[in-house]
1. Net charge near residue 31, counting Lys/Arg +1 and Asp/Glu -1 over other residues with Cβ under 13 Å of its Cβ?
2. May I ask for the net charge around residue 69, where only other residues with Cβ less than 11 Å from the Cβ of residue 69 are counted and Lys, Arg are +1 while Asp, Glu are -1?
3. Long-range amide H contacts for residue 28: which residues qualify at under 5 Å (H placed 1.01 Å from N, peptide plane, sequence gap of 5 or more or a different chain)?
4. Only Cα pairs under 8 Å and at least 6 apart count here; give the relative contact order of the range 65-171 as a rounded whole percent.
5. With a cut-off of at most 12 other beta carbons within 10 Å, and DSSP calling the residue loop, which trypsin sites (Lys or Arg not before Pro) in the range 105-192 qualify? Please list them.
6. Using amide H atoms built 1.01 Å from N in the peptide plane, name the residues 5+ places from residue 160, or on other chains, whose amide H lies under 5 Å from its own.
7. Averaged across orientations, what area in nm² does the convex hull of the alpha carbons in the chain project?
8. Do the sum for the chain: with -39,500 (n - 2.57) for every DSSP H run of n ≥ 4, divided by all residues, what is the mean residue ellipticity at 222 nm, to the nearest 500 deg cm²/dmol?
Amino acid sequence: MERILVTGGAGYIGGTAVAQLLAEGYEVTVLDDLSMGHADAVPATARFIEGSILDAAKVCEALDGASAVIHFAGKSLVGESVEKPDLYMHVNVDGTEVLLSEMKAAGVNRIVFSSSAATYGEPKSVPILESDATAPTNPYGASKLGVDHLLTKYAKESGLGAISLRYFNVAGALKSATGWLAERHEPETHLIPNVLRSTDASPLKIFGTDWPTADGTCIRDYVHVVDLIDAHIRALNAITPATHHIINLGSGGGYSVREVIDTASKVLGRTIAAVEVDRRAGDPAVLIASIDKAGEILGWKPSHNLEQMIADTKQALDSRN
Ligand code: UFG
């Protein structure tokens with residue numbers, strides 16, 4: 001079986017990919033600098049190289065024996081990116097340039113990249129198509145778009161086969177051979193983990209109730225991390241040389257913040273303490289993916305619903321307490 005290099009494989013989404021690849025019989029190398037990831041998340045059966053994608057020697061070492069790369073490593077906090085835009089461009093874009101140049105030197109010519117809906121910015125209409133205009137509203141989205149452009153260039157000039165997967169809102173968790181793989185961010189900014197952590201003493205903050213939506217709260221398109229990783233493994237096998245595909249990953253539908261709270265309340269069998277506060281800077285009102293292209297190119301469609309995402313996120317969080 002072929003060996004896959006997973007950059008950022010000690011994090012929540014990358015770690016889920018590592019577990020699923022190993023379960024499907026792939027050999028795996030993880031390259032992660034542990035700035036956000038956790039060494040204890042890397043299974044003993046994977047080869048682990050601690051290092052940054054900016055370090056060419058480490059990247060070269062990590063590529064040894066690999067035939068393809070799934071590239072998750074990068075800075076991923078929208079708020080932090082506004083404060084440190086140069087850091088985001090450096091790690092995400094320059095880091096990927098190092099990775100691509102080392103891949104070329106090593107003769108590894110297939111890559112699946114973790115891109116984001118943040119590349120589109122405020123959409124003119126939903127569902128968002130991959131052919132829609134890109135106008136990121138923050139440096140995080142700009143850095144992901146910068147990498148997408150790099151991949152297009154490498155595909156054209158060096159024959160690289162690349163697929164960028166643009167994630168909408170990832171949630172849920174995988175129960176792997178070694179246990180639940182939880183989202184472990186501190187501070188946690190994502191809605192579903194925050195809904196689950198909410199208590200009367202520390203209630204969930206609903207960011208804005210005056211959005212132009214039916215109930216006044218923002219609408220997002222949630223996708224289960226297990227479905228998301230299934231799409232990555234399909235993508236590995238759908239790559240064609242000298243081609244760069246860009247593909248959205250979501251559910252094709254949306255839920256408002258209030259609908260997420262109501263669904264969580266049903267799943268948990270209790271009310272969720274929440275307070276209404278002002279809008280959060282930079283939030284678009286509605287983000288919903290068109291997922292037709294994922295169906296056409298990857299033969300993929302998600303199979304987990306919002307209830308399962310909430311239930312699995314809860315199990316994963318509880319397993320850590
Ligand atoms: N929200 C709350 N309270 C919270 C957390 C979130 O009301 O405590 C709201 C947000 O305002 C937003 C929705 O819930 O309307 C979802 O927020 P998340 O932070 O969970 O997710 P985002 O849509 O902001 O972010 C996601 C990805 C980012 C990506 C971004 C692109 O997590 O990586 O989409 O817009 F950059």
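1. -4
2. With Lys, Arg at +1 and Asp, Glu at -1, the neighbours total +1.
3. Close amide H contacts, sequence-distant or interchain: 4, 47.
4. For the range 65-171, the relative contact order is 35 percent.
5. 124
6. Residues meeting the amide H criterion: 155, 242.
7. Directional mean of the projected Cα hull area for the chain stands at 15.3 nm².
8. When only DSSP H runs of four or more count, the value is -10000 deg cm²/dmol.
We did not get these values from a lab; they are worked out from the coordinates using the rules stated. Computed from a predicted model, the values in this text were never measured in an experiment. Glycine also receives a Cβ, built like all others from the backbone with ideal geometry; neighbour counts cover every protein chain displayed.
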